[in-house]
Amino acid sequence: MQNKLNIYNTLSRKKELFEPMNPPFVGMYVCGPTVYGDAHLGHARPAIAFDLVFRYLQHIGYKVRYVRNITDVGHLENDADEGEDKIAKKARLEQLEPMEVVQYYTDRFHTNMNQLNVLSPSIEPRASGHIIEQIEMVKKILDAGYAYETEGSVYFDVVKYNQSHNYGVLSGRVLEDLITTTRELEGQEEKQNPADFALWKKAQPEHIMRWPSPWSIGFPGWHLECSVMGTKYLGEQFDIHGGGMDLLFPHHESEIAQSVAANGKQPVKYWMHNNMITLNGKKMGKSLGNAISLEDFFTGENKLLQQPYSPMTIRFFILQAHYRSTLDFSNEALQSAEKGLKKLLAAGHTLDKLVASDKSTSNIKELRDKCYEAMNDDFNSPVLISHLFEGVRIINSIKDKKETISAEDLEILKKIFHDFVFDILGLRDEETGGGNELADDLMKTILEIRQQARVKKDFATSDKIRDELAKINIIIKDTKEGSEWSIEE
């Protein structure tokens with residue numbers, strides 16, 4: 001294991017030494033999307049943030065069971081207990097079955113995740129596939145005395161729970177303040193208290209998605225789904241629960257209350273939350289009407305975009321900020337990320353062509369240690385990237401013969417780039433086929449043909465090959481050791 005891993009735990013509001021409950025196994029649950037529309041930049045951030053966590057934990061030797069759910073039922077408009085189901089509303093407007101909507105947008109979400117090089121989770125459960133388990137958890141909460149039935153619906157009794165536990169342990173909110181500021185909404189008169197939330201809702205006649213239960217024909221509450229699926233696949237207690245900052249309250253706070261009421265124990269050891277992506281200082285999201293879909297980013301077909309941006313540019317842009325920091329979208333920031341990514345990947349190409357000397361003029365082992373220290377410090381990707389650019393400086397300096405590197409250190413430097421750029425940050429070289437060897441082999445063949453032309457003094461052919469490659473931004477440089485190629489920024 002590399003050093004000690006410290007992560008920021010929302011529950012304790014401080015960094016803590018990461019100690020899995022059952023080492024070397026780690027259970028990690030992340031709230032996935034509600035699939036009723038195309039994924040946007042706000043969906044990409046948690047996906048990439050927790051993909052980084054997943055990748056790094058595996059890299060340092062843990063076996064990780066990563067569960068990321070799909071919400072396909074129960075998420076009502078405005079994240080409330082009343083209103084229309086978001087997916088059912090989309091199905092009604094488009095005259096489709098709800099599960100047609102779910103399948104269509106789930107497939108599109110998976111395509112986008114593949115484009116962003118986000119690894120698939122170990123398990124990806126759907127809420128609608130766990131109705132029986134949700135009914136069973138509602139029964140346990142009722143038996144424990146922390147819920148009540150009224151008019152066919154079942155609500156969690158927040159006030160009673162708070163008498164023996166702390167409803168607000170995660171968010172820091174005080175129940176009395178919540179009760180004072182929570183407004184009475186139409187249709188919620190059946191609640192004993194406005195702060196109570198639904199575990200099971202009786203379906204109105206127009207509600208499409210419905211299942212039988214001991215209380216009514218209805219559907220589960222949104223908060224209940226994650227408690228049930230986390231428990232089913234990771235146990236009553238597991239290591240990491242992640243999601244966006246906007247889920248901290250009420251969603252994750254309610255998850256804790258449900259699980260404690262049903263199982264008598266805190267469900268999660270480390271709560272991690274990524275911060276928001278903003279546009280002009282405001283959260284970027286569908287509800288505010290300022291979301292830009294990932295497809296729009298990849299095609300450039302949005303009035304807010306000056307150009308298309310590749311999936312790896314988007315990924316690099318997100319990784320340049322710490323997952324707990326806000327990240328403000330702008331074309332200038334994306335263009336800067338695009339240039340930085342090209343510079344980083346170009347250095348990787350140069351690294352493969354470096355020749356070792358007798359000794360090193362830079363401390364490569366120290367650079368490697370700094371990279372691990374950054375990741376061990378709450379997955380600090382921007383600091384890691386700054387260290388990798390120190391590696392870029394060293395590579396280019398060796399190339400220009402201003403520095404030298406030993407054979408041992410050259411292998412270490414290559415491993416640093418392979419491990420941290422590709423395996424951990426999850427970047428890939430889109431211009432050379434995702435980092436595979438095909439492009440290198442093709443360029444090697446082309447340079448050999450060009451060298452044969454030069455040997456025969458066929459400079460017309462040699463120059464034509466060089467000039468044609470330059471048209472597609474591949475630059476040929478002739479040196480004493482032979483010809484080198486690079487992709488121009």
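The values are calculated or read from the model by the stated rules, or taken from the named source; none is laboratory data. All values derive from a computational prediction rather than experimental measurement. Please note: Cβ atoms are built from the backbone with ideal geometry, for glycine as well, and neighbour counts cover all protein chains shown.
Summary of computed values
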{"item": "Segment 105-122 - residue that is more than 21 Å from Tyr29 (Cβ to Cβ) and free of Cβ contacts under 8 Å to residues at least 60 places away in the same chain and, of those, farthest from the chain's Cα centre (by Cα)", "result": "Asp107"}
{"item": "Pairs where the first residue, in segment 157-173, is farther than 14 Å from Ser259 by Cα and touching a residue at least 12 places away in the same chain (Cβ under 8 Å) and the second is of a type in the set (Asp, Glu) and crowded, with 18+ Cβ neighbours inside 10 Å, C-beta under 6 Å, 6+ apart", "result": "Ser171/Glu253"}
{"item": "So Ala39, is it at pLDDT below 95 and either in the same structural domain as Leu96 (by TED's automatic domain parsing) or polar (S, T, N, Q) (or both)", "result": "yes"}
{"item": "Residues of segment 92-104 satisfying the condition of being crowded, with 20+ Cβ neighbours inside 10 Å and either under 15 Å from Arg210 (Cα atoms) or without any contact (Cβ under 8 Å) to a residue 40 or more places away in the chain (or both)", "result": "Pro98"}
{"item": "Breaking point among (1) surrounded by 15 or more Cβ atoms within 10 Å (Cβ to Cβ); (2) within 30 Å of Lys14 (Cβ to Cβ); (3) among the small types (Gly, Ala, Ser); (4) touching a residue at least 40 places away in the same chain (Cβ under 8 Å), for Ala356", "result": "(2)"}
{"item": "Residue match in segment 16-24 (condition: without any contact (Cβ under 8 Å) to a residue 24 or more places away in the chain, surrounded by fewer than 24 Cβ atoms within 10 Å (Cβ to Cβ), among the hydrophobic types (A, V, I, L, M, F, W, C) and not in a loop (DSSP other than H, G, I, E, B))", "result": "yes"}
{"item": "Verdict on Ile364 being at pLDDT 95 or above, crowded, with 16+ Cβ neighbours inside 10 Å and touching a Cys at 6+ places or on another chain (Cβ under 7 Å)", "result": "no"}
{"item": "Segment 457-487, subset outside any helix (DSSP H, G or I) and of a type in the set (A, V, I, L, M, F, W, C), residue nearest to Leu344 (Cα to Cα)", "result": "Ile487"}
{"item": "Counted residues, segment 399-440 - those being modelled with pLDDT under 95 and in contact with a His (Cβ under 9 Å, 6 or more places away or on another chain)", "result": "3"}
{"item": "Which numbered condition Val169 misses (of (1) closer than 27 Å to Ala47 by Cα; (2) touching a Phe, Trp or Tyr at 6+ places or on another chain (Cβ under 9 Å); (3) of a type in the set (A, V, I, L, M))", "result": "(2)"}
{"item": "Enumeration of residues in segment 123-150 that are part of a loop (DSSP other than H, G, I, E, B), within 16 Å of Gln192 (Cα to Cα), of a type outside the set (Phe, Trp, Tyr) and in contact (Cβ under 8 Å) with a residue 60 or more places away in the chain", "result": "none"}
{"item": "3 or more residues surrounded by 19 or more Cβ atoms within 10 Å (Cβ to Cβ): qualifying strands (runs of 3 or more DSSP E) within segment 225-305", "result": "238-244, 268-274"}
{"item": "Residue within segment 202-220 that is modelled with pLDDT of 95 or more and in a helix (DSSP H, G or I) present", "result": "no"}
{"item": "Residue within segment 235-243 that is of a type outside the set (D, E, K, R), more than 22 Å from the chain's Cα centre (by Cα) and at pLDDT 95 or above present", "result": "yes"}
{"item": "Asp51 vs. criteria under 28 Å from Ile314 (Cβ atoms) and touching a Ser or Thr at 6+ places or on another chain (Cβ under 6 Å)", "result": "no"}
{"item": "Segment 168-195, residues that are in contact with a strand residue (DSSP E or B) (Cβ under 9 Å, 6 or more places away or on another chain) and either modelled with pLDDT of 95 or more or in a strand (DSSP E or B) (or both)", "result": "Leu170"}
{"item": "Total residues in segment 58-105, condition modelled with pLDDT of 95 or more, within 14 Å of Gly32 (Cβ to Cβ) and in contact with a strand residue (DSSP E or B) (Cβ under 6 Å, 6 or more places away or on another chain)", "result": "3"}
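Residue-by-condition table, conditions (1) within 22 Å of the chain's Cα centre (by Cα); (2) assigned by TED's automatic domain parsing to the domain that holds Asp157; (3) of a type outside the set (Lys, Arg); (4) farther than 22 Å from His40 by Cα:
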{"site": "Ser254", "(1), (2), (3), (4)": "no, yes, yes, yes"}
{"site": "Val260", "(1), (2), (3), (4)": "no, yes, yes, yes"}
{"site": "Tyr270", "(1), (2), (3), (4)": "yes, yes, yes, yes"}
{"site": "Leu294", "(1), (2), (3), (4)": "yes, no, yes, no"}
{"site": "Lys303", "(1), (2), (3), (4)": "no, no, no, no"}
{"site": "Thr313", "(1), (2), (3), (4)": "yes, no, yes, no"}
{"site": "Phe316", "(1), (2), (3), (4)": "yes, no, yes, no"}
{"site": "Ala346", "(1), (2), (3), (4)": "no, no, yes, yes"}
{"site": "His349", "(1), (2), (3), (4)": "no, no, yes, yes"}
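So that you can scan it fast, the table gives a plain yes or no per residue for (1) closer than 18 Å to Gly221 by Cα; (2) in a loop (DSSP other than H, G, I, E, B):
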{"residue": "Val64", "(1), (2)": "no, no"}
{"residue": "Gly83", "(1), (2)": "yes, yes"}
{"residue": "Lys90", "(1), (2)": "no, no"}
{"residue": "Leu96", "(1), (2)": "no, yes"}
{"residue": "Glu100", "(1), (2)": "no, no"}
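Okay, residues lined up against (1) of a type outside the set (Ser, Thr, Tyr); (2) closer than 19 Å to Thr404 by Cβ; (3) assigned to a helix (DSSP H, G or I); (4) assigned by TED's automatic domain parsing to the domain that holds Glu403:
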residue: His322; (1), (2), (3), (4): yes, no, no, yes
residue: Gln335; (1), (2), (3), (4): yes, no, yes, yes
residue: Ser360; (1), (2), (3), (4): no, yes, no, yes
residue: Glu390; (1), (2), (3), (4): yes, yes, yes, yes
